Structures are given as C-alpha cells and as structure tokens.
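Here is the structure we will look at, set down as structure tokens.
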Amino acid sequence: MAGDCRLSYRQIAQRLNLSTSTVSKRIKKLQESKIINSFIPLIDANALNLVMYLVGIKIRPGNSAKDVAELIKPLAYVSHIFITTGYYDLIVVSVAKNPQEIMKQLKEITSVDGIERYESFQILEVSKEAPVEALIYA
C-alpha cells in the first residue's frame, strides 16, 4: 500500500496470496489500532507553486512544548508539528503561496504565547519523501 494506496483489497490480496476478507480484516485492525491513520496522496507542493518551509521554535522556560503545539495546531497552513529534542523544542512544517505569505504566517505562528525565539527554513527541494511503511521494510 505504500506505493499506491488506491489498490483495492482484492488487488492487495492477490499480491500477498491472501483472501480479500483477510486483507480487509487486517487493514481494519491497523486502522483501529491507529497504525494506519488515513489514506492520503503525497502532494508535490512545488507542482502547485507552493513554498514549503520549516520553523524551529524554542519554547520560553516555564512553558510546555505540548501547550504551544496545541495553540499552533488550528492554523490551516500548518501541516505538521513535531515536538523534538535538540536546540528547538518544536519543528513546524507549513506551506505558503509566496514569500510575503510566509512572513504573514510567521507573524501569526510566532505570536503564540510561550515562544522564546524561532528560526525559519525555506525548503528549496525535496530530495526524498517516503511513507513510513516503505521505510519499515527497507
């Protein structure tokens, strides 16, 4: 499924030499256990003329990274928020239409209470993007 989530249960069953009902039950079990959260395509932001960027966020002492992440979560242009180790407490992944929109979004992101400092990084090119499932069997 990592290569093409559009495969039918029947096609998966044929490839794995299993019954369709077995595949259906296994996928349902994976969904219920939250191992599979959704079936979505990987969108190429560059093909849509979108600018992807990261924001490294250092949390002000006495504040919680989880609390700050919760305040950033509702922002529609934010695709991922990672609580991390290292210098930055949070890494935020976002997309914008142009550099002016990045500036506007950065003002909104960094106006959230609890942020000490931040640094942004525009992604120039994606060298590799793979679903986690593909990495498990590598």
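Each reported figure results from applying straightforward, stated rules to the coordinates on display, with no laboratory input. These numbers were taken from a predicted model, which means no experiment stands behind them. All Cβ positions, even for glycine, are placed from backbone atoms using ideal geometry, and neighbour counts span all protein chains on display.
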- Message: Can you tell me which of (1) touching a residue at least 40 places away in the same chain (Cβ under 8 Å); (2) crowded, with 18+ Cβ neighbours inside 10 Å is the one K97 doesn't meet?
- Response: (2)
- Message: I need the full set of residues from the stretch 70-84 which are over 16 Å from E119 (Cα atoms) and not in a strand (DSSP E or B), in order please.
- Response: E70, L71, K73, P74, L75, A76, Y77
- Listed residues E125, E129, E101; which is over 27 Å from K34 (Cα atoms) and outside any helix (DSSP H, G or I)? E125
- Task: Within the stretch 85-97, track down each residue that is under 20 Å from the mean Cα position of the chain (by Cα) and outside any strand (DSSP E or B).
- Result: T85, G86, Y88, D89, K97
